[in-house]
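Participant: To start, I am sharing the structure in question, which I have written as structure tokens.
The values are calculated or read from the model by the stated rules, or taken from the named source; none is laboratory data. Keep in mind the model is a prediction, meaning the values are calculated, not measured. Note that each Cβ is placed from the backbone with ideal geometry, even for glycine, and that neighbours are counted across all protein chains shown.
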Amino acid sequence: MWKTHAFRRALGPLLKQLDAEYDIPAEQTSTEENTSEETQSSQRDSSSGTSGKPPREPGLTTVGFQEKALLSSLTETLVDDPEEVKSILEDIQPHLPVTLQVKLWPVVTLSAYRSRVKLARQRISLRQAQLPLKADIADKCRWLNEKKAILDAKTDTSVSTAELEVLRKELEALEERVRVTKQLIQDKEVLIAHSHEEAEGLKAELKTDLPKFAP
């Protein structure tokens with residue numbers, strides 16, 4: 001349930017002052033205990049004329065306790081229905097000092113904040129209703145991020161591109177070696193062909209010259 005904590009902190013000293021003014025007990029367990037408290041308090045008041053506290057009518061402590069219980073209830077209750085608090089305040093107003101009246105009376109105006117409290121309830125309800133949706137969205141986003149990471153790893157060709165470039169350079173180097181080797185082979189073939197031609201020419205000259213050396 002929604003509570004206005006700032007209002008609670010501001011209301012705390014007022015409740016303590018209300019306790020101090022009218023000896024309101026911290027807890028009320030039974031009607032007999034309340035009656036006994038009222039009797040003992042009345043006897044103390046009659047025997048001590050210098051207590052400084054205003055005279056109380058019978059049952060005023062019980063009314064004060066009811067007022068304290070109402071003021072200690074959920075702020076939503078006070079905002080939605082302040083009439084009971086207002087009624088009790090009007091009943092005990094003649095017995096309250098003016099300073100305490102001034103401090104307590106704004107409580108009955110809490111109904112003016114009803115629209116704000118309603119909007120706050122709606123915002124809280126909306127946030128609570130959105131919690132499952134937010135959790136679902138977070139799970140789907142996490143799943144999508146995982147899939148994207150896998151896809152990026154598969155589509156990232158930077159490493160393969162670098163390796164391909166290295167292979168291309170190796171191929172170019174090999175092709176250059178093949179070209180040079182082919183050229184060397186061609187040069188050797190030409191040289192061999194020239195050598196054969198020279199040898200054939202020498203053979204022909206030898207055949208021609210041999211008869212000249214015959215006896």
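Participant: Just checking, which of S111, S115 is free of Cβ contacts under 8 Å to residues at least 24 places away in the same chain, assigned by TED's automatic domain parsing to the domain that holds E84, under 30 Å from S87 (Cβ atoms) and surrounded by 10 or more Cβ atoms within 10 Å (Cβ to Cβ)?
Facilitator: Details: S111 fails: free of Cβ contacts under 8 Å to residues at least 24 places away in the same chain.
Exactly one residue qualifies, and that residue is S115.
Participant: Another question, if that's okay. Of the conditions (1) modelled with pLDDT of 85 or more; (2) closer than 30 Å to L89 by Cβ, E165 satisfies every one except a single condition; which number is it?
Facilitator: Unmet for E165, out of (1) modelled with pLDDT of 85 or more; (2) closer than 30 Å to L89 by Cβ: (2).
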